[in-house]
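Data first, discussion second: the structure below is written as structure tokens.
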Amino acid sequence: MSDMGVTVKKSENFSEWYTEVVLKSGLADYAPIKGCMVFRELSYAIWEKIQEIFNKKIKATGHKNVYFPMFIPESFLKKEAEHFAGFIPEVAWVTEGGDSPLEERLAVRPTSETIIYATYAKWIRSWRDLPVKLNQWCNVVRWETKATKPFLRTREFLWQEGHTAHATKADSDKEVMDILNDYKDLMENYLAIPVLIGVKTDKEKFAGALYTTTLEAMMPDGKALQMGTSHNLGQNFAKVFDIKFIGEDEKEHHVWQTSWGISTRLIGALVMVHGDDKGLVIPPKVAPIHVVIVPIPYKDADSTAILAKAKEILAKLEACGITAILDDREEYTPGWKFNEWELKGVPIRIEIGPRDLKQNQLTIARRDTCQKTAVKIEDAVQAVEKLLEDIQNNLYAKAKAALMEKTTTVRSYDEFQRTLREKGGFIKAPWCGSSDCEEKIKDETGATIRLKPFEKEAPTANCICCGAKAVEMVYFAKSY
């Protein structure tokens, strides 16, 4: 069992613990290509859950899914200079097709703004064509040279990218916020991960955007993780790609655009925030399996009766929309199975043995607290439904408490540096608004401004860096 179970404690070596959990739980494996990973069945099933939840949200508001080519002509990327400069170091290029050199280099999709907007220029003619609200689920390649980490930083990853075009700035502003709130709901109410929302500084915003809104979560090691972004691109790309429409006023206008995305790094966040020394802990709302039933036969007992009862419970759970499986493998002991399913993060385990059968009950173990309770067999479905809700709420409450504990307000640079060194986490500090101060703090400490919150607070002191009058309170952190 030792070679299968987690051998490193989360509190002792967080990085090593994370890698062990990802590999041993069957979420992912390393690929034969440096910096790439294999999404195994479990992680892909979680990703499908995320897709299902988010698709439902965006389809309800009139968005449609499409797919654009993964190859982007170099001339397209170069059209928007700021955008192109932001991606140059990470672009993978295709230069040959078979034995023939290509006339123009093709980028392997680092993001799709340029290829999509070149097409929008053909499709959009009149105000009647707007809004255009498209999304694609696809892979992205960014040739990372830093140390890679499954789900958090790999050369290829999966994501969704939404791209919309609107007649007015007000419409595009509304789209940015609507999507940001959809993301927040997905992260908090499904993944059970609390997030801070706000706006990126000009230095940290998406290359080519008017402004970028962001969702930031705090990991147990005190580093922030950007969970998703929603950008207002203004008319920048519209002017470059000539996306114009004739308005109701019969005059020509450029469209207003947004783009937004979340990626498979959400799975990495789920592992880090909820996992423990036994392995994964998956929130019920995104768990591919809600319940595993483990029959516990005894030598003298009638195992057929136990198995029959286990199958009966399985059918009842499934009839109520609860995804359950029966682990009746004879070659493994019940203890071995318990460890395996705990490692894989299944929210609830039901144990049923001869004593349970005699007393018309079963034992239910919850993954988040590892507590066990005995429940009458006729109450099993109701008990499981309630427990799934309790586990979901408990995981969020624990993560929320950890976020609060890892958020510190400081008044001086000394206090800022000490907090960063000793505790990490989000540091709320007064800032003068100067990018010089922002850059100086980043160079000296490695911390960046993660966001400027929407809800403005009066600064508690002068700017922590230069001592000038502060204009707002912002959140700093080191990040993944």
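Miscellaneous remarks
- Each Lys and Arg Cβ is given +1 and each Asp and Glu Cβ -1; about its Cα centre, region 61-220 then shows a dipole of about 120 debye.
- Shown in residue order for region 249-260 are the 3J(HN,Hα) couplings computed by the Karplus curve 6.51 cos²θ - 1.76 cosθ + 1.60 at θ = phi - 60°: 7, 6, 9, 8, 9, 8, 6, 9, 10, 10, 9, 7 Hz (x for Gly and Pro).
- Kirkwood-Stokes translational diffusion coefficient of the chain, alpha-carbon pairs, 37 °C, 0.692 mPa s, µm²/s: 132 µm²/s
- The charge dipole of region 266-336, taken about its Cα centre with unit charges on the Cβ of Lys, Arg, Asp and Glu (plus for the first two, minus for the last two), comes to roughly 260 debye.
- Cross-linked pairs K203/K442; K400/K428; K223/K442; K59/K174; K285/K478; K223/K456: Cα-Cα separations exceed 19 Å for K285/K478; K223/K456.
- Each residue of region 195-203 was assigned a 3J(HN,Hα) from its phi angle through the Karplus curve 6.51 cos²θ - 1.76 cosθ + 1.60 (θ = phi - 60°); the sequence is 10, 9, 10, x, 10, 6, 6, 4, 5 Hz, with glycine and proline shown as x.
- About its Cα centre, the dipole of the chain is roughly 580 debye, where the only charges are +1 on Lys and Arg Cβ and -1 on Asp and Glu Cβ.
- C-alpha center-to-center spacing [region 29-93, region 304-323] in angstrom: 39 Å
- Aspartates and glutamates with Cα under 16 Å of K376, excluding same-chain neighbours fewer than 8 positions away: E312, E351, D356, E385
- Accessible area per residue, Å², the chain with all protein chains present, probe 1.4 Å: 45 Å²
- Rounded to 10°, Cα long-axis angle of helix 413-422 versus longest principal axis of the chain: 30 degrees
- Packing, taken as the mean count of other beta carbons within 10 Å per residue, orders the peptides 429-435, 395-401 from highest to lowest as 429-435, 395-401.
- Between the C-alpha center of region 424-480 and that of region 103-135 there is a gap of 36 Å.
- Rh by Kirkwood over Cα pairs, then Stokes-Einstein D for region 327-419 at 0.890 mPa s and 25 °C, µm²/s: 151 µm²/s
- Rounded if a/c under 1.5, otherwise prolate or oblate - region 160-225, Cα gyration tensor axes: oblate
- The chain - percent of accessible surface contributed by carbon and sulfur, probe 1.4 Å: 50 percent
- Residues whose amide H lies under 5 Å from that of L451, counting only those 5 or more places away or on a different chain, are Y475; hydrogens are built 1.01 Å from N in the peptide plane.
- Relative to the longest principal axis of the Cα atoms of the chain, helix 14-24 runs at roughly 60 degrees.
- For region 168-174, 3J(HN,Hα) computed residue by residue from phi via the Karplus equation (6.51, -1.76, 1.60; θ = phi - 60°) reads 10, 5, 4, 5, 6, 4, 5 Hz, glycine and proline entered as x.
- Counting only DSSP beta bridges with both residues in the chain, the antiparallel share comes to about 80 percent.
- Under 15 Å from the Cα of K358 - aspartates and glutamates, other chains or at least 8 residues apart: D300, D302, E378
- Fraction of antiparallel bridges per DSSP, region 218-353 only, in percent to nearest 5: 55 percent
- Amide H contacts under 5 Å for G228, placed H, 5+ residues apart: L215
- The angle between the Cα long axis of helix 435-445 and the main principal axis of the chain comes to about 40°, on a 0 to 90 degree scale.
- Ranking T304, A374, V291 by Cα position along the charge dipole of the chain, where only Lys, Arg, Asp and Glu carry charges on their C-beta atoms, puts A374 farthest toward the positive end.
- For the chain, relative contact order (Cα pairs under 8 Å, six or more residues apart, normalised by length) works out to 14 percent.
- Ranked packing of 402-410, 179-187, most packed first, by mean Cβ within 10 Å: 179-187, 402-410
- Projecting the Cα atoms of I33, L343, L357 onto the dipole axis of the chain, where Lys and Arg carry +1 and Asp and Glu carry -1 at the beta carbon, places L357 farthest toward the positive end.
- Peptides ranked, highest mean first, by Cβ atoms within 10 Å: ranges 411-419, 279-287: 279-287, 411-419
- Helix-only arithmetic for the chain: the sum of -39500 (n - 2.57) across DSSP H runs with n ≥ 4, divided by the residue total, places the mean residue ellipticity at 222 nm at -11000 deg cm²/dmol.
- Translational diffusion coefficient (Stokes-Einstein; Kirkwood radius from C-alpha pairs) of region 220-265 at 20 °C, 1.002 mPa s, in µm²/s: 161 µm²/s
- Here's how it looks for L233: its modeled amide H is under 5 Å from those of L210, Q257, T258, S259, which are all 5 or more places away or on a different chain.
- For region 391-471, Kirkwood radius (reciprocal of mean inverse C-alpha pair distance, Å): 13.7 Å
- Options V21, S100, I464, ranked by Cα towards positive dipole end of the chain, top entry (Cβ charges): I464
- When the P(r) of region 1-126 is calculated, the portion above 16 Å amounts to 77% of the C-alpha pairs.
The values are calculated or read from the model by the stated rules, or taken from the named source; none is laboratory data. Every value quoted in this text rests on a predicted model; they were computed, and no experiment measured them. Note that we place each Cβ from the backbone using ideal geometry, even for glycine, and neighbour counts take in every protein chain shown. The accessibility values were calculated without ligands, DNA or RNA, using every heavy atom of the protein model including side chains. Shrake-Rupley method; radii C 1.70, N 1.55, O 1.52, S 1.80 Å.
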